[in-house]
Every structure is written in C-alpha cells, then in structure tokens.
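Asks: First, the structure itself, so that you have it in front of you.
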Amino acid sequence: MPVHPVHHLAIGTDALKVAKKFYGALLPVLGFDLVFDKDDHFGYQREGFELIVYKADSTSDDLWDGKRHVGFDHLALNAESRAVVDECAKQLDELGAEIDDPPGIVSELGDDYYAMWVRDPSGLRIEVVCQGG
C-alpha cells in the first residue's frame, strides 16, 4: 500500500449513527474501504489515508478539556473524475444531506477545479474535488 502524506484525520460528531450513513454513502464512491466499525467510532481508508469519525460531545467553550469535541474547518476529498463528484452529490442528495454548493467549476481556484461542498450530519463541511480532470 502506498504511503499517503497524511496518515489520518480524526473528527468528532455528535450524531454518530447518522454520520455512519453519511460517510457510508460518500466514501465508498470515492474508493474508500470501511476498515473498522466500533460502537463509538469507525474508520475508512484509501491509499494509506484513514478517516476516523468518533462519537463526541457538542462543542464547548473550552476545547482543551481532554474530551473529543465536534469540529474542524473542512475536509477535501479527491475524486478521480468529475463524474465521481457528480455521483457523490447524487448519493448525498438522495440521503437528504445539506449540499452547500452543487458540483461545478470553481473559477477562482482554476478552470480545472471541479468541486462540490456538503455538510455532514454534524454540520461539518466536506468538499469533493476533481482537479485537472
């Protein structure tokens, strides 16, 4: 298995069951495999990169209290083609996910930057992008 420059990204959600459905619809379309599924967290992997989602408490004022909390800015996931970006949007729309920006060219990032943005069940922003294809 190739070594990806990023080992893993761990995120917290306060809606684990719904998050399992959301990421279970999104990640396999992008070529990720479910590598573990436990009561309080699950993980997907693709080419050495692992995404781990934990059951977490809602965000509090003090994020340094030793607990897992909900949040990050956004996660951008590579798609192999524009058709895969479109398929992700279709799958997530059918699931009832909140799509912020539907698939399209993002001209301020380049004529070859094709992306969509969606919210996961906790409101975390996920980008699916195909650049150069």
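The values are calculated or read from the model by the stated rules, or taken from the named source; none is laboratory data. Worth saying up front: this structure is predicted, and the values here are computed from it rather than measured. Cβ atoms come from the backbone with ideal geometry, glycine included; neighbour counts cover every protein chain shown.
Asks: So residue 40 fits all but one of (1) modelled with pLDDT under 90; (2) over 15 Å from residue 128 (Cα atoms); (3) acidic (Asp, Glu); what number is the exception?
Replies: (1)
Asks: Output the qualifying pairs, or none if there are none: Cβ atoms under 6 angstrom, residues six or more apart or on different chains, first residue in segment 107-133 and closer than 30 Å to residue 55 by Cα, second residue hydroxyl-bearing (Ser, Thr, Tyr) and assigned to a loop (DSSP other than H, G, I, E, B).
Replies: Sorted first by the residue in segment 107-133, then by its partner, the pairs are 130/81.
Asks: Return the residues of segment 83-133 that are closer than 20 Å to residue 24 by Cα and of a type in the set (S, T, N, Q); say none if nothing qualifies.
Replies: 91, 122
Asks: For residues in segment 103-133 being under 15 Å from the mean Cα position of the chain (by Cα) and surrounded by fewer than 17 Cβ atoms within 10 Å (Cβ to Cβ), which is modelled with the lowest pLDDT?
Replies: Once the filter is applied, the top-ranked residue is 123.
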